[in-house]
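The values are calculated or read from the model by the stated rules, or taken from the named source; none is laboratory data. Quick caveat, the model's predicted, so the values are computed rather than measured. Here the Cβ positions follow ideal geometry from the backbone for every residue, glycine too, while neighbour counts run over all protein chains shown.
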Amino acid sequence: MTELRRLIPNAVPHLAGNEWKYLKECLDTNWVSSAGPFVPRFEREMAACLGVPHAVATVNGTAALHVALRAAGVEPGDEVLVPTFTFVATVNAIVYCGAHPVFMDSEAVSWGMDPEKTADFLARECLVKDGRVVNRGTGRVVRALLPVHLYGHPCDVDPLLDLCRRYPIALVEDSAEALGAEYRGRRAGADGLLSCLSFNGNKIITAGGGGMVLTRDAGLAARVRSLTTQARGDALEFVHDEVGFNYRLSNLHAALGVAQLEQLPAFLASKRATAAFYQEALGGVEGLHVFTEAPWARSSYWMPSVLLDEARSRDVRALLRGLNADGIQARPLWRPLHLQPVFHLAQTYRLELAERLYARGLSLPCSVGISHDERQAVVDGLLARLG
Ligand SMILES: Cc1ncc(COP(=O)(O)O)c(C=O)c1O
């Protein structure tokens, strides 16, 4: 086994470009807060990267989701269909709107929200009344679908888009983990009415913290911008006709974001190389399944992950503890949110796979700067612990 000299972190920032230069520019020019040239530049360059016309930077990805849902028309008392298998922020944003999550299952190929079961829920459990989708069981309006592109892999978005054409319902994408991924040749996160990114420290690129809402709709972009800036209606006077939020990104953070975005192709190449290394080394191991991309997808491999066979799933917790004790920061997959105490009363629909993915899986170290020896040490450590 390759000797480990230090901790192999799960996913840490890689600051290898113009980060210092652009931050110094902010300090030298006195633009350190929410005004300053890097904010619109980051928005413009990210919009171009995803091929959508409008982008609004936010203080983090959770705030992006909150204002995107608000802009999509999610009101207090509404419902949003969302996968249970995701990070808590996705669902917290629904609750910030005063709305209720209805938890959908995952599908086996992409681990994303299951389009068939979602269609089934809408057909069997809902009715369309006065131009609205109403959940028969709760009497509440179902306002939006909020699928998530998990671990860098796009979810199967076309059938979900189709549902949004058949029903008066909005598609908001949580693309926090999938910057740079592709769905059937298109950039993942460019299809929904609105789509949200995160630039948290462990994401594909980081701004030290930050998020962004993307949309093709100029009116929605203006609404999101207003919500993020305390809903100030006049550039000079302090006039507010609704309650907004202080969700703007600072110029300092945007400067980091711009520098990181310049390196996106290299970062994606590193992520893919790490995933390919793990696939090559672990693909043939009995009892282990490496999460790879669907034929219609190009994953950004934000976090390469593996599943143990069903029969060995009870070993996963011990494996996670053992690897971390060895200095290999493996992570559990997302604990399904319907199992969380805070959401235990939420409605669920035909959940089968999500809990199995959680029980069987773990994510492996994948920082952009990870070395060949570290990748090898992760593989050796995993194989040794698997026995
Ligand atoms: C799927 C998902 N949604 C939302 C977020 C929230 O982003 P942030 O941490 O920037 O608020 C994250 C990551 O943190 C995430 O992984």
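What the table below lists for this structure:
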{"read-out": "Test: residue 144 is buried (at least 24 other Cβ atoms within 10 Å of the Cβ) and either in a helix (DSSP H, G or I) or more than 12 Å from the ligand (Cβ to nearest atom) (or both)", "value": "yes"}
{"read-out": "Filter pass, residue 179 being part of a loop (DSSP other than H, G, I, E, B), crowded, with 24+ Cβ neighbours inside 10 Å and within 16 Å of the ligand (Cβ to nearest atom)", "value": "yes"}
{"read-out": "Qualifying residues in region 223-252 (those that are of a type in the set (Val, Ile, Thr) and in a loop (DSSP other than H, G, I, E, B)) - the one farthest from residue 36 (Cα to Cα)", "value": "243"}
{"read-out": "Filter result for residue 195 (of a type in the set (Gly, Ala, Ser), assigned to a strand (DSSP E or B) and surrounded by 15 or more Cβ atoms within 10 Å (Cβ to Cβ))", "value": "yes"}
{"read-out": "Checking residue 54 against (1) surrounded by fewer than 23 Cβ atoms within 10 Å (Cβ to Cβ); (2) under 30 Å from residue 306 (Cβ atoms); (3) more than 15 Å from the ligand (Cβ to nearest atom), the condition it does not meet", "value": "(2)"}
{"read-out": "Conditions (1) out of contact with any helix residue (DSSP H, G or I) (no Cβ under 6 Å at 6 or more places or on another chain); (2) away from the ligand (no atom under 16 Å from the Cβ); number of the one not met by residue 32", "value": "(1)"}
{"read-out": "Flag if residue 207 is part of a loop (DSSP other than H, G, I, E, B) and either buried (at least 23 other Cβ atoms within 10 Å of the Cβ) or assigned by TED's automatic domain parsing to the domain that holds residue 270 (or both)", "value": "yes"}
{"read-out": "Test result for residue 30, over 17 Å from the mean Cα position of the chain (by Cα) and assigned by TED's automatic domain parsing to the domain that holds residue 189", "value": "yes"}
{"read-out": "Test set (1) within 16 Å of the ligand (Cβ to nearest atom); (2) exposed (fewer than 15 other Cβ atoms within 10 Å of the Cβ); (3) among the charged types (D, E, K, R) - residue 248 fails condition number", "value": "(2)"}
{"read-out": "Some residue of region 36-51 being in a loop (DSSP other than H, G, I, E, B), more than 24 Å from residue 188 (Cα to Cα) and not assigned by TED's automatic domain parsing to the domain that holds residue 304", "value": "yes"}
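Per-residue answers, yes or no, for (1) farther than 22 Å from residue 13 by Cα; (2) within 17 Å of the chain's Cα centre (by Cα); (3) of a type in the set (Ser, Thr, Tyr):
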residue: 153; (1), (2), (3): no, yes, no
residue: 156; (1), (2), (3): yes, yes, no
residue: 174; (1), (2), (3): no, yes, no
residue: 178; (1), (2), (3): no, yes, no
residue: 192; (1), (2), (3): yes, yes, no
residue: 204; (1), (2), (3): no, yes, no
residue: 214; (1), (2), (3): yes, yes, no
residue: 219; (1), (2), (3): yes, no, no
residue: 247; (1), (2), (3): yes, no, yes
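For (1) of a type in the set (Lys, Arg); (2) within 15 Å of residue 68 (Cβ to Cβ); (3) in contact with a Lys or Arg (Cβ under 6 Å, 6 or more places away or on another chain), each residue gets a yes or a no:
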| site | (1), (2), (3) |
| --- | --- |
| 152 | no, no, no |
| 174 | no, yes, no |
| 190 | no, yes, no |
| 203 | yes, no, no |
| 206 | no, no, no |
| 217 | no, yes, no |
| 225 | yes, yes, no |
| 230 | no, no, no |
